[in-house]
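I have placed the structure first, in the form of structure tokens, so that the comments after it can refer back to it.
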Amino acid sequence: MDVLKERQDGILTIFCNGRLDGFGAGKLEEIIRSSLHDDDRSIVIVMENVSYLSSGGIRVLLAYRKLLKERNGLVILAGVQEYPRKVLEMAGFTTVFPICKTTREAVAAAGRSADRDDLLMEIASPSHSRKGMKVTVESGSPNPATLKFIGSLEDVLHARLDASHIKAVRFSDVEYSLGLGAMGDGVSDALPLLGEMITLHGSMVWLPTDGNSTPDFFTPARDTGEVKIFTAFNVILNGTFNEVLSFETDSDTGISFSDLYREIFAFARERKKKPAGIVALVIWGVLAGLESSGIKKSPLRTDAPGGDRSIMDPEFFDTWIDHDTKPRYRGDTIVSFGIGIDFASDLGMYDPELLKALYYINPANKGSEQLFLHNHGVVFRNVPWDPSASLNQQVKKIVTEGEFIDMRHLLDSTRLRRAKVGVAYISGIVPDTPLRTP
Amino acid sequence: MKTCFHFSTKADIENLPQIAGWLEETLAGAGVGEKDQFEIGLAVDEACSNIILYGYADRSGTIDIESCIRDDELTVTIEDAGKPFNPLEVTPPVLDADIDHRKIGGLGVHLIRSVTDDLFYEYRDGKNILTLVKVRGAVGCG
């Protein structure tokens with residue numbers, strides 16, 4: 001049997017050609033498993049060219065029927081021929097799978113099953129359209145949020161680090177944070193491995209700079225304070241979300257992080273929200289494509305480029321920074337934490353010296369100079385998209401139960417198809433230790 | 001008149017289409033109608049799937065098939081040296097259970113029973129021997 005896949009109106013549609021017996025069932029299973037996105041609800045199996053169906057084929061259809069039922073979705077069959085239909089009848093399965101005459105009807109039926117859920121969501125919280133996106137807003141905490149930070153991005157990017165820059169933090173102190181860090185027995189152990197890191201609800205995910213580009217995921221069973229995170233630079237959300245925005249894009253290519261931040265700043269300005277010069281975002285979304293860049297080796301003083309020049313300098317960039325602009329992980333789930341600074345806004349309320357510790361210009365990020373974004377994200381798979389779930393609860397659930405795939409420093413060109421976004425409007429920047437003066 | 005054909009193959013899931021192809025060719029060549037071909041074909045495919053997936057789950061081996069065509073009846077005998085397994089003892093599935101309680105186990109044997117008129121099983125000399133009997137439909141009514 002041959003199988004082909006296609007997306008028709010966004011619905012995963014599998015064309016089978018030949019015998020759907022125990023052998024063909026394996027091929028069908030494989031193509032569905034590798035093509036199913038975390039936000040897929042219903043799928044269509046086109047059986048116009050399937051002459052034969054056995055219990056082996058029914059087994060795969062039933063397995064996905066059960067999986068998609070949890071997402072309120074269906075397995076819809078199209079163009080079922082005479083004999084396969086008889087097998088479904090004999091097996092008592094004609095009531096389990098809706099059967100449509102044509103692929104077009106099946107795709108339309110799959111779309112309707114998704115719309116019904118959207119309708120329920122719509123009644124719960126009305127949405128409005130914005131630049132090809134459907135956006136809903138839930139209000140969050142009225143308390144002001146601040147950013148706490150450790151170290152300075154400038155020291156990191158000029159490779160000025162030594163043991164004196166490293167600070168140990170407890171898991172419980174960094175619910176949402178990003179930066180440069182490592183885990184190990186002590187400072188000297190961690191120092192040569194410092195890499196991109198993110199903490200999410202008591203878990204630390206980081207990319208050790210050991211040359212393997214393989215992330216490490218760690219969740220302590222209990223935060224006894226014995227296991228510590230060693231960090232040279234860390235931006236920590238101090239407070240919680242003031243709003244949760246949910247959005248869904250019309251197109252399969254979704255929206256980039258830079259456009260998303262731009263829209264959030266614009267939306268805040270329209271509603272005269274203050275402060276709105278800096279936001280911190282916690283995102284749970286479905287990827288249309290992840291693009292990344294990340295530090296390759298620990299930025300130690302001993303390895304610094306001469307003349308106190310930045311490792312982001314085009315001359316050194318490739319030695320120090322990996323970047324990957326091939327969009328990856330389409331249809332997988334991402335949980336990210338990051339900050340955005342809008343230089344077009346009035347940033348007068350923030351201490352300019354403190355602000356400077358937070359940003360830099362990454363040459364790999366092409367585009368607007370008006371925005372500075374810094375986001376780290378963790379990729380998971382097989383986490384059904386459930387728009388009704390609460391953001392914090394869902395992040396906890398994904399971090400503990402999701403199938404961990406990768407962790408990266410995100411380029412602003414990373415694209416999301418849909419997401420729930422916790423927005424904290426930052427009212428101040430607080431250094432965790434007194435600023436070092438050069 | 002009785003005409004018999006024999007086929008032997010390695011018990012591998014990849015060979016299911018090959019078994020089906022051989023059977024179809026044999027039956028069509030002997031003038032067996034399409035509906036009978038499909039129904040006995042389904043029974044043979046389900047029986048061979050069971051042998052490959054369960055009987056030979058932990059070992060390799062062969063499947064021997066003999067198909068005999070009479071004017072009024074088809075018989076197919078399938079032999080394997082896998083784990084002893086008597087399909088006649090399989091509990092029939094509940095066909096109207098809700099989705100969460102649907103099971104695939106027993107469905108193959110249920111399909112075999114649905115499309116055959118008689119089934120015989122014996123375990124002899126270390127072999128499972130399953131014989132499927134199907135009364136042929138009137139010629140020309142497919």
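The values are calculated or read from the model by the stated rules, or taken from the named source; none is laboratory data. Computed from a predicted model, the values in this text were never measured in an experiment. Ideal geometry is used to build each Cβ from the backbone, glycine not excepted, and the neighbour counts take in all protein chains shown. Each accessible area value is taken on the protein alone, full model and side chains, heavy atoms only, with ligands, DNA and RNA left out. Shrake-Rupley method; radii C 1.70, N 1.55, O 1.52, S 1.80 Å.
Numerical summary
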quantity	calculated
Candidate set from the stretch A:376-393 (those that are crowded, with 20+ Cβ neighbours inside 10 Å and modelled with pLDDT under 95); member that is farthest from A:His201 (Cα to Cα)	A:Trp385
Unique match (being part of a helix (DSSP H, G or I), hydroxyl-bearing (Ser, Thr, Tyr), in the same structural domain as A:Leu300 (by TED's automatic domain parsing) and in contact (Cβ under 8 Å) with a residue 40 or more places away in the chain) among A:Ser164, A:Ser172	A:Ser172
Tally, over the stretch A:59-87, of residues that are without any contact (Cβ under 8 Å) to a residue 40 or more places away in the chain and part of a helix (DSSP H, G or I)	16
Boolean, A:Arg130 is more than 30 Å from A:Glu315 (Cβ to Cβ) and open to solvent by 50 Å² or more (accessible area, probe 1.4 Å)	no
Which listed residue is touching an Asp or Glu at 6+ places or on another chain (Cβ under 7 Å) and open to solvent by 20 Å² or more (accessible area, probe 1.4 Å), from A:Lys228, A:Lys272, A:Lys296	A:Lys296
Residue within the stretch B:9-24 that is more than 10 Å from every other protein chain (Cβ to nearest Cβ) and in contact with a Leu (Cβ under 9 Å, 6 or more places away or on another chain) present	no
Count of the stretch A:287-330 residues which are more than 20 Å from A:Arg381 (Cβ to Cβ) and part of a strand (DSSP E or B)	8
Where A:Gly24 falls short, out of the listed (1) modelled with pLDDT of 95 or more; (2) more than 10 Å from chain B (Cβ to nearest Cβ)	(2)
Meets criteria (open to solvent by less than 50 Å² (accessible area, probe 1.4 Å), out of contact with any Cys (no Cβ under 8 Å at 6 or more places or on another chain) and either assigned to a loop (DSSP other than H, G, I, E, B) or of a type outside the set (Ser, Thr, Tyr) (or both)) for A:Phe217	no
Residue satisfying all of: in the stretch A:91-100; surrounded by fewer than 19 Cβ atoms within 10 Å (Cβ to Cβ) and out of contact with any strand residue (DSSP E or B) (no Cβ under 9 Å at 6 or more places or on another chain); farthest from the other protein chains (Cβ to nearest Cβ) among these	A:Thr94
